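**Q** Following this message is one structure expressed as structure tokens.
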Amino acid sequence: MKVARFYAPGDIRVEEAPEPVAGPGEIKIGVRNCSTCGTDVKISRHGHHHIRPPRVMGHEIAGEVAEVGEGVSGWVAGERVQVIAAIPCGNCQECLRGRMTVCPNQESMGYHYDGGFADYMIIPAKVLAVDGVNRIPDGVGFAEASVAEPLACVLNGQELARVGEGDDVVIMGSGPIGCLHVRLARSRGAGRVFLVDINAERLEMAAALVAPDAAVHGQDVVEQVLKLTEDRGADVVITAAASGAAQEQALRMAARQGRISFFGGLPKDNPIIGCDSNLVHYRELTIVGANGSSPAHNARALGLIADGSVPVSDLITHRLPLAEVLEGIDIVSRGEAIKVTIEP
Ligand SMILES: [Zn+2]
Ligand SMILES: [Zn+2]
């Protein structure tokens, strides 16, 4: 079979590999779609300290059960499934408190285990142990189902930022995650949703798809948001970009009692921002983070796609075969696509 393996930064090889066999407690799936995101770009350029090469990449996974290992019940060959990316341990103090997104023992598909850029892959027993495999509902395609994982992360972020009825919401960053944030905010009853990006072309492409109440771009985005919100600022500001400047702007455009989600992480070598603490104090701001998603978030995200609350099929702008995965990652890095999915 064919796989795309990470060997070193800048060295990802599409090559032949023996087909895996499902061991005890495992399931083997035929991958039908594995979508790409900025994380794949980051890995391809810089690697990751959790990846010991060579490693099959790909973490936004949907496929068909091909083989069920010894001792696994409840699954049969041919079933259509979506798989989590972040694997909580299920046993630590955080997991036992239901805070699986911050499990300190978290592992990931495509990092600790071979991922979905392959014809076939193994779902580890650890994934099954935490209910990390979801049946894809009828009417939902494999490509759409593969977007459940990023949508699950977006859902976690908006829960933590308490996006709700009537909120004015600003999304900074108009990539695929930004687009999902716009759609999810709408489905949660947000009032107005504004989309911000420094890349005018990408913003235009995204806005054409997800129709924010305004697309905001320029040097003075804080002033523009204040103007759009009658000087109140936004109830929720979500930064879906690896930008400290965006985080600083987010703090300045939040309404009183506003919630700011630092959804996107910052580069490891430059994670410090300027924050006017008095702004947080007097305006009673809440700053929250977001670290991936839990298995339950994945199941609910799939439900949101299935019942039409958050449509995703039109966000998938590129479908490429596995042999062209490097081109796919390149397209993502150039910001030319909303969502690129690989179809092994
Ligand atoms: Zn991803
Ligand atoms: Zn844990």
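**Q** Quick one: which residue in Asp119, Asp131 is under 19 Å from the mean Cα position of the chain (by Cα), within 30 Å of Ala77 (Cβ to Cβ) and open to solvent by 20 Å² or more (accessible area, probe 1.4 Å)?
**A** None of the others qualify; the one that does is Asp131.
**Q** Now, a different point. Pick from Asp314, Asp231: which is outside any helix (DSSP H, G or I) and of a type in the set (Asp, Glu)?
**A** Asp231
**Q** Please enumerate the residues belonging to region 280-308 that are over 30 Å from Leu96 (Cα atoms) and either polar (S, T, N, Q) or part of a helix (DSSP H, G or I) (or both).
**A** Those that are over 30 Å from Leu96 (Cα atoms) and either polar (S, T, N, Q) or part of a helix (DSSP H, G or I) (or both): Val280, His281, Tyr282.
**Q** Out of everything in region 65-101 that is aliphatic (A, V, I, L, M), loosely packed, with under 15 Cβ neighbours inside 10 Å and more than 24 Å from Leu322 (Cβ to Cβ), what residue ends up being nearest to ligand 2 (Cβ to nearest atom)?
**A** Among them, the one singled out is Leu96.
**Q** Test each condition in (1) over 19 Å from Ile342 (Cβ atoms); (2) within 16 Å of ligand 2 (Cβ to nearest atom); (3) in a strand (DSSP E or B); (4) of a type outside the set (Phe, Trp, Tyr) for Ser108 and report the one that comes out false.
**A** Condition not satisfied by Ser108: (1).
**Q** Residue check: is Val140 on the phi < 0 side of the Ramachandran plot and surrounded by 24 or more Cβ atoms within 10 Å (Cβ to Cβ)?
**A** When the stated conditions are applied, Val140 does not pass them.
**Q** Considering each of Arg80, Arg55 in turn, give the residue that is within 21 Å of Pro150 (Cβ to Cβ), more than 16 Å from ligand 1 (Cβ to nearest atom) and either at pLDDT 95 or above or in contact with a helix residue (DSSP H, G or I) (Cβ under 7 Å, 6 or more places away or on another chain) (or both).
**A** Just one listed residue meets the conditions, Arg80.
**Q** Then there is this: Which pairs turn up if I take residues in region 22-45 that are over 21 Å from Arg80 (Cβ atoms) and look for partners that are acidic (Asp, Glu) and open to solvent by 10 Å² or more (accessible area, probe 1.4 Å) with beta carbon separation below 6 Å, at least 6 apart in sequence or on another chain?
**A** The qualifying pairs are Pro24/Glu70.
**Q** Can you name the condition, by its number, that Asp11 falls short on among (1) within 16 Å of ligand 2 (Cβ to nearest atom); (2) acidic (Asp, Glu); (3) without any contact (Cβ under 8 Å) to a residue 12 or more places away in the chain?
**A** (1)
**Q** Looking at region 317-344 only, could you name the residues that are over 22 Å from Ala152 (Cβ atoms), outside any loop (DSSP other than H, G, I, E, B) and open to solvent by less than 50 Å² (accessible area, probe 1.4 Å)?
**A** Within region 317-344, Leu320, Leu322, Val325, Ile331, Ser333 qualify.
**Q** Pick out the one residue from Gly71, Gly38 that is modelled with pLDDT under 95 and not charged (D, E, K, R).
**A** From the options Gly71, Gly38, the qualifying one is Gly38.
**Q** Evaluate region 46-64: report whether one residue or more is open to solvent by 20 Å² or more (accessible area, probe 1.4 Å) and either of a type in the set (Ser, Thr, Tyr) or free of Cβ contacts under 8 Å to residues at least 12 places away in the same chain (or both).
**A** Checking region 46-64: at least one residue is open to solvent by 20 Å² or more (accessible area, probe 1.4 Å) and either of a type in the set (Ser, Thr, Tyr) or free of Cβ contacts under 8 Å to residues at least 12 places away in the same chain (or both).
**Q** Can you tell me which residue in region 162-179 is most open to solvent (accessible area, probe 1.4 Å), limited to those that are at positive phi and either of a type in the set (Gly, Ala, Ser) or part of a helix (DSSP H, G or I) (or both)?
**A** Here the residue is Gly166.
The values are calculated or read from the model by the stated rules, or taken from the named source; none is laboratory data. Bear in mind the structure is a predicted one, so any value in this text is a computation, not a measurement. Reconstructed Cβ throughout: ideal geometry from the backbone, glycine too, with neighbour counts over all protein chains shown. Accessible surface areas use protein heavy atoms only, side chains included; no ligands, DNA or RNA. Shrake-Rupley method; radii C 1.70, N 1.55, O 1.52, S 1.80 Å.
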